[in-house]
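Have a look at the structure below before the remarks.
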There are 2 protein chains.
Amino acid sequence: MYHKHHTPVFFCIIFLLLTIGSAVLSDEGMWTFDNPPNKQLQTKYDVTLSQDWLDHLRLSSVRFMDGGSGSFVSKNGLVATNHHVAIGQLQKMSSEQQDYVQDGFYAATPAQEIKCADLELNVLMAMENITDRIRGVVKPEMSEHEALKARKAEIARAEQEYHDKTGLTCNVVSLYYSGEYWMYQYKKHTDVRLVMAPERQIAFFGGDSDNFTYPRHDLDVAFFRVYENGKPLVCEHYLRWNSKEFSANELVFVAGHPGSTRRLSTYAQLKYQRDFFYPMMLDLFHRRIATLNAYAQKGAEQARRALPQIFGLENSKKAYTGEYEGLLEHAVLEACKQREDAFRKLIREQLEWHKMYSGAWDTVTTVMNKQSEVAKQQFHQNLRGSRLAGIALTIVRYVVETKKPDSERLDGFHASQLDRLKFYLLSSAPIYPDFEEASLAGMLQLSLDELGTDDPFIRLVLNGKKPEEAAQELIGGTQLAYVKARQELIAGGEEEARKSSDPLIALAWKLDPMLREREEWNKKNIESVLMPATEKIAQARFAVYGKAAYPDATFTLRLAYGKVKGYPMNGTQAPYKTTLYGLYDRALSFDRQGDYELPARFWERAAKVSLATPANFVSTCDITGGNSGSPVVNRKGEQLGIIFDGNMESLSGRFVYEETKSRAVAVHCAFIIEALRNLYDAQALADEIEK
Amino acid sequence: MYHKHHTPVFFCIIFLLLTIGSAVLSDEGMWTFDNPPNKQLQTKYDVTLSQDWLDHLRLSSVRFMDGGSGSFVSKNGLVATNHHVAIGQLQKMSSEQQDYVQDGFYAATPAQEIKCADLELNVLMAMENITDRIRGVVKPEMSEHEALKARKAEIARAEQEYHDKTGLTCNVVSLYYSGEYWMYQYKKHTDVRLVMAPERQIAFFGGDSDNFTYPRHDLDVAFFRVYENGKPLVCEHYLRWNSKEFSANELVFVAGHPGSTRRLSTYAQLKYQRDFFYPMMLDLFHRRIATLNAYAQKGAEQARRALPQIFGLENSKKAYTGEYEGLLEHAVLEACKQREDAFRKLIREQLEWHKMYSGAWDTVTTVMNKQSEVAKQQFHQNLRGSRLAGIALTIVRYVVETKKPDSERLDGFHASQLDRLKFYLLSSAPIYPDFEEASLAGMLQLSLDELGTDDPFIRLVLNGKKPEEAAQELIGGTQLAYVKARQELIAGGEEEARKSSDPLIALAWKLDPMLREREEWNKKNIESVLMPATEKIAQARFAVYGKAAYPDATFTLRLAYGKVKGYPMNGTQAPYKTTLYGLYDRALSFDRQGDYELPARFWERAAKVSLATPANFVSTCDITGGNSGSPVVNRKGEQLGIIFDGNMESLSGRFVYEETKSRAVAVHCAFIIEALRNLYDAQALADEIEK
């Protein structure tokens, strides 16, 4: 299945948009709702989307800040998404006594619904282009570093201003890498309750083996309900389900929040990804999985605690492996190179463009070379694997930054961002110290192995101790697992926090200067140089290709389109859909072993199930991680399914979209309805959806 | 599915055996029954096969001279094989009014069984090593050409002698390329009657798309009954079916008749295959398919007439494409090169071996270069696409050769071979002149395109006419479609035949000298030089590796072994078996369109079918084309299934066996029994098998 979006762990370079020539002919693109692919839809499908159609779909779409997408599916605030988007919250409301991840959950009445610890949902209410405002603050006399600071300050100011004006959560989004700045204005929901989730066994049927593959048969769905003032949210906009009409080759759309693509990275940036980023990340996944598996083997409760993280890591590992293999394939990188060469040739041929833009690519190459030199060190000089460590590092910054005037604060600590920050910082979600300790120790060992004992980060954190010892002292001694301890630290301000004897807080105070120095170095040497260069490339692209193009993914709402269609696979054809016959076939083909066993109800009630019901289906829609949970709708705007994965062949779509074999995989609504009615005794829920 | 064995169209070089080092550890090999892989079975599976076990399996195994394998499955001469092995005979007994290929057939009583036009089955009764006898006739003073002739004459003599002695059909088989000569002695059956065949729709479910792929769901089975003296053959040896016990990883065996492999071709021979043989063959398939499709589109009856040939050609095209892609893959050819280099190094290191054998590889290279020069010309100077043209060419040879003393005759016309020859020559199978004409015209056009108007073959055959005109005159004018006309020509002898005004016979008389000249050139320049060279390589191999090895496939009985096991596929795992759930899933996944529709009875009786029944399964057994119809047996010698295909990943097994992904695909006996009892009302047949 698709990895949910997660913010890149390591560095943050924003990438550029794609569109040249033949791309227009394929079902390519993750389009912003202000700039839908009208021309392609008219030319290829003879369809024109009305503004009402677009608005309705946008206002029915939901962003999960956990990383994922969803949609409203009833007028009473019911939200459908993937089980694997919900799994974090399911885990947080579970305990040794009651495991909702394993057993599933259904609230037959509203009173039985369970409130989530820290789930935030967003609905995009409005978007406004504020490019001129943000660009306007940069003056010619400013250095690159000063220009960067000025923009960041203006962004923070604008966000606060819009929030004050609208009451909405307002984020500036940089599209087309500083080609445009938009104010995205969200209605934020934090009273979200679990309504229904099936057993993980059927949501993730086929396990890591079948993940990112197709034909597939997963019931990867979960339902939440949004509350406002203690009552179910009354939805003006929600998607009606159509589980009856569905056919091969029909036009469909996906509205969701793709996390990140790198389709218009320069060749130098892609080589950096190939040679540094991916090898380091895969190494990290490998090590973390090994560490967590060792922990999980200690017992059933340990296995339960570790499961969602292991699952997420396995998922990321498989996705990154596919993406990495794409980069290693000569053809993918060569396609990027050719695209870049053709583009640069057009720029060179017009003197004015040449003067303004041609130098930008060399600048990017220089920056990437500089980044390569520090890549390994910066990657491993990090405290990983411990949520408590992350909390400690955030608290020591919080108490310092919030004393400053807003415009001087670090990103993430502006006034407009504090609500969200505290929501997560003070979450009541359980933290298991023994798990934290094992996980932190494993990650410290990796840093030690990679950096050696003489590295300043290692000296500071380990101080001659073994990773296990250090982790034991830090996690064993900290009080941060208690929300109250965090609250007191935040409330006490810098002076109190500096006096704290909590070992994690003490370590954070020691580490923070080193991290700040590094961030400052990165801003000065990487970000502030890269930004104007890639901005120039973006402007060059507008000059050459106009705006008949979409920006790279930014975990903001996008529209994709395509057709329901199988594809050539392994010497034959993969079908456009699978059926429940196929689900039982696959279970029995593997003798119901391991991840191929079904929940007991699937056997007990097999006779009640209509086996010809569509299970999953594929379309050519252009999606990526973060689209998990996205509604698939037909041209009437009716929901047909829920995106939960891309196939193996789609993974190199992070760099190049390819229509022949790349497919988005969705759970069919008919499977969900069939399961609710005939397997889960969830008539009320099915009725609410189908009403 | 697997292409049935067919004799290489173009040239006939015999290839060598494989076995070095690590090969022994994998489930590799197509072993002769005199030399079973005892060591591997003991080491890997802790199993020792008794002589009784081997004899029983051998005597229960059947060779289909149409190209394929089968097994006796009742004491009353019942034989099970694949539908695609039977399809030629099904077509021959069909007509515009009654199409057994499409509709299937079941004889509820023996009286309803239909006798086949020209089906010959063989059972291997005995084998005797006569290497010394054949080698003994070659004297030092003989030229290579003379030596070749002497061996061939001795082979013919020995075959006649053994036939006279035993009453059996006796063929000399050259194994390990002249490393050994064996007299294989067969009981021949020509009164064979059709008992049951399902509709081609289910036998070849998924069509050309699913062919050579897996997971798969085909009921690729047909039943014949062997008669002797007008009564069902009483079988002492037949395989009992076990459709109940079956599990992943269990040890299984396959007894069948693999047609041809090239595992120990020299590097030079493989390069010839890659650069000449495969491109020409694929071109030929492409052209023939296009020609036949054009004919088939003229109407339903035309489509029926062309179907089996189109099917066979599509099948071959997919198989050859897979094999060719294997050769184009650097890794496959490189593996062969490394194997050869390692072998030659061992030879060089011992002076005696070096002197005797080292020169052989260079000789092979020289011969292959010579062959390359004439490859295109020889390939296209052939009358193809017309059975009548083939009959004409055979008749003009028959009347000449049979006048000669046996030792001077061309291969194929020795006294011991005439029965079989006449069996086919005088077959009553229908021949459709309009089909012949269209097919011949298409092939003449290919020859014309490739050779040009000035080529002597083209001049002789077309004589300035267009291919369509020539084909119309030849097929329109010939009487050879009538068995009587053929009988009269054979009976009349050379003098009468030379006077024949039949245009195909007249053309055959003109062509024959050119073809004889070419064959003589090939014997002198290719075969007689190549034979001693490759024989030396074979002897070198015996010297280095002993006889712990199997010879390349020769369409003679072989034993393969392995385990029932899935494999890594397309990012996930292919299961070791499929079920009937999967059959219905695949039909519905494609909306029952085209080759994914099931026969009506599968829908009408769906409720009667036990969906959990295994459909097809895979094992690591080492097989190739010709193994179609082979029984898969467990260690008790009970039949579990019938081989009908290899997966895509196995196609490069023609050159190198690879255990990780290469799989043999079989119909499970449980599927057959379930279908007979609950779909085909064939209780009597099921009872006979299960008795």
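The values are calculated or read from the model by the stated rules, or taken from the named source; none is laboratory data. Since the structure is predicted, the reported quantities are computational estimates derived from the model, not experimental observations. Neighbour counts run over all protein chains shown; Cβ positions are idealised from the backbone, glycine included. With ligands, DNA and RNA removed, areas are computed over all heavy atoms of the protein, side chains included. Shrake-Rupley method; radii C 1.70, N 1.55, O 1.52, S 1.80 Å.
Before moving on, here are some points about what is shown:
- Some residue of segment A:633-641 being at the interface with chain B (Cβ under 10 Å from one of its Cβ atoms) and open to solvent by 10 Å² or more (accessible area, probe 1.4 Å): no
- Under the condition of being at the interface with chain A (Cβ under 7 Å from one of its Cβ atoms) and open to solvent by 30 Å² or more (accessible area, probe 1.4 Å), the residues counted in segment B:589-610 number 2.
- Within segment B:62-78, the residues that satisfy the criterion of being more than 18 Å from the chain's Cα centre (by Cα) and either closer than 20 Å to B:Gln185 by Cβ or open to solvent by less than 10 Å² (accessible area, probe 1.4 Å) (or both) are B:Phe72, B:Val73, B:Ser74, B:Gly77, B:Leu78.
- Wholly enclosed helices (runs of 4 or more DSSP H) of segment A:299-387 bearing at least 2 residues open to solvent by less than 30 Å² (accessible area, probe 1.4 Å) and touching a residue at least 60 places away in the same chain (Cβ under 8 Å): A:300-328, A:330-348, A:360-380
- Residue, farthest from B:Ser650 (Cα to Cα), within segment B:24-52, restricted to residues that are among the charged types (D, E, K, R) and open to solvent by 30 Å² or more (accessible area, probe 1.4 Å): B:Asp52
- Evaluation of A:Asp283 against (1) on the phi < 0 side of the Ramachandran plot; (2) within 14 Å of chain B (Cβ to nearest Cβ); (3) open to solvent by 10 Å² or more (accessible area, probe 1.4 Å) (one fails), failing number: (2)
- Condition met for B:Asn627 (closer than 18 Å to B:Glu323 by Cβ, at the interface with chain A (Cβ under 9 Å from one of its Cβ atoms) and crowded, with 20+ Cβ neighbours inside 10 Å): no
- Among the candidates B:Lys139, B:Lys149, residue that is part of a loop (DSSP other than H, G, I, E, B), open to solvent by 20 Å² or more (accessible area, probe 1.4 Å) and away from every other protein chain (no Cβ under 14 Å): B:Lys139
- Selected residue (criterion: modelled with the highest pLDDT) from residues of segment A:625-654 that are of a type in the set (Ser, Thr, Tyr) and either under 24 Å from B:Met569 (Cβ atoms) or not assigned by TED's automatic domain parsing to the domain that holds A:Met30 (or both): A:Ser650
- The set of residues in segment B:521-554 that are of a type in the set (A, V, I, L, M, F, W, C) and open to solvent by less than 20 Å² (accessible area, probe 1.4 Å) comprises B:Ile526, B:Leu530, B:Ala533, B:Ile537, B:Ala538, B:Ala540, B:Ala549, B:Ala553.
- Whenever a residue of segment A:239-253 is within 14 Å of another protein chain (Cβ to nearest Cβ), its partners that are not in a loop (DSSP other than H, G, I, E, B), lying with C-beta atoms within less than 6 angstrom and at least six residues away or across chains, give the pairs A:Phe246/A:Leu640; A:Ala248/A:Val564; A:Asn249/A:Lys563; A:Glu250/A:Val564.
- B:Arg288 being in the same structural domain as B:Leu448 (by TED's automatic domain parsing) and in contact (Cβ under 8 Å) with a residue 40 or more places away in the chain: yes
Residue-by-condition table, conditions (1) in the same structural domain as A:Tyr176 (by TED's automatic domain parsing); (2) of a type in the set (Phe, Trp, Tyr); (3) free of Cβ contacts under 8 Å to residues at least 24 places away in the same chain; (4) closer than 27 Å to A:His414 by Cα:
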position: A:Asp52; (1), (2), (3), (4): no, no, yes, no
position: A:Met65; (1), (2), (3), (4): no, no, no, yes
position: A:Ser69; (1), (2), (3), (4): no, no, no, yes
position: A:Ser95; (1), (2), (3), (4): no, no, no, no
position: A:Ala108; (1), (2), (3), (4): no, no, no, no
position: A:Glu113; (1), (2), (3), (4): no, no, no, no
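- Test: residue in segment B:560-573 that is of a type in the set (A, V, I, L, M, F, W, C), within 14 Å of chain A (Cβ to nearest Cβ), touching a strand residue (DSSP E or B) at 6+ places or on another chain (Cβ under 8 Å) and farther than 30 Å from B:Ser61 by Cα: no
- Some residue of segment A:652-665 being over 19 Å from the mean Cα position of the chain (by Cα), free of Cβ contacts under 8 Å to residues at least 40 places away in the same chain and open to solvent by less than 40 Å² (accessible area, probe 1.4 Å): no
- Residues in segment B:218-238 that are open to solvent by 10 Å² or more (accessible area, probe 1.4 Å) and touching a residue at least 60 places away in the same chain (Cβ under 8 Å): B:Arg225, B:Tyr227, B:Glu228, B:Pro232, B:Leu233, B:Val234, B:Cys235, B:Glu236, B:His237, B:Tyr238.
- Positions within segment A:239-256 being surrounded by 22 or more Cβ atoms within 10 Å (Cβ to Cβ) and part of a loop (DSSP other than H, G, I, E, B), in sequence order: A:Leu239
- Unmet requirement for A:Tyr214, which otherwise passes all of (1) within 19 Å of the chain's Cα centre (by Cα); (2) within 14 Å of chain B (Cβ to nearest Cβ); (3) closer than 30 Å to A:Val47 by Cα: (1)
- Residues satisfying the stated conditions in segment B:574-587, i.e. among the hydroxyl-bearing types (Ser, Thr, Tyr), at the interface with chain A (Cβ under 7 Å from one of its Cβ atoms) and closer than 16 Å to B:Gly641 by Cα: B:Thr578, B:Thr579
- Residues that are outside any helix (DSSP H, G or I) and buried (at least 20 other Cβ atoms within 10 Å of the Cβ) do occur in segment B:265-276, at least one of them.
- As a summary of the residue check, A:Tyr432 satisfies the conditions (1) of a type in the set (Ser, Thr, Tyr); (2) surrounded by fewer than 14 Cβ atoms within 10 Å (Cβ to Cβ); (3) within 19 Å of A:Ile289 (Cα to Cα) except for the one numbered (2).
- Any hit, segment B:447-455, residues being buried (at least 19 other Cβ atoms within 10 Å of the Cβ), under 26 Å from the mean Cα position of the chain (by Cα), in a helix (DSSP H, G or I) and not hydrophobic (A, V, I, L, M, F, W, C): yes
- Per the listing B:Val79, B:Val101, B:Val73, B:Val123, the residue uniquely in contact with a Leu (Cβ under 6 Å, 6 or more places away or on another chain) and under 20 Å from B:Glu228 (Cα atoms) is B:Val73.
- Within segment A:190-211, the residues that satisfy the criterion of being more than 14 Å from every other protein chain (Cβ to nearest Cβ) and open to solvent by less than 10 Å² (accessible area, probe 1.4 Å) are A:Val192, A:Leu194, A:Val195, A:Met196, A:Ala197, A:Pro198, A:Ile202, A:Ala203.
- Among the candidates B:Tyr227, B:Tyr181, B:Tyr176, residue that is over 30 Å from B:Glu314 (Cβ atoms) and in contact with a Ser or Thr (Cβ under 7 Å, 6 or more places away or on another chain): B:Tyr181
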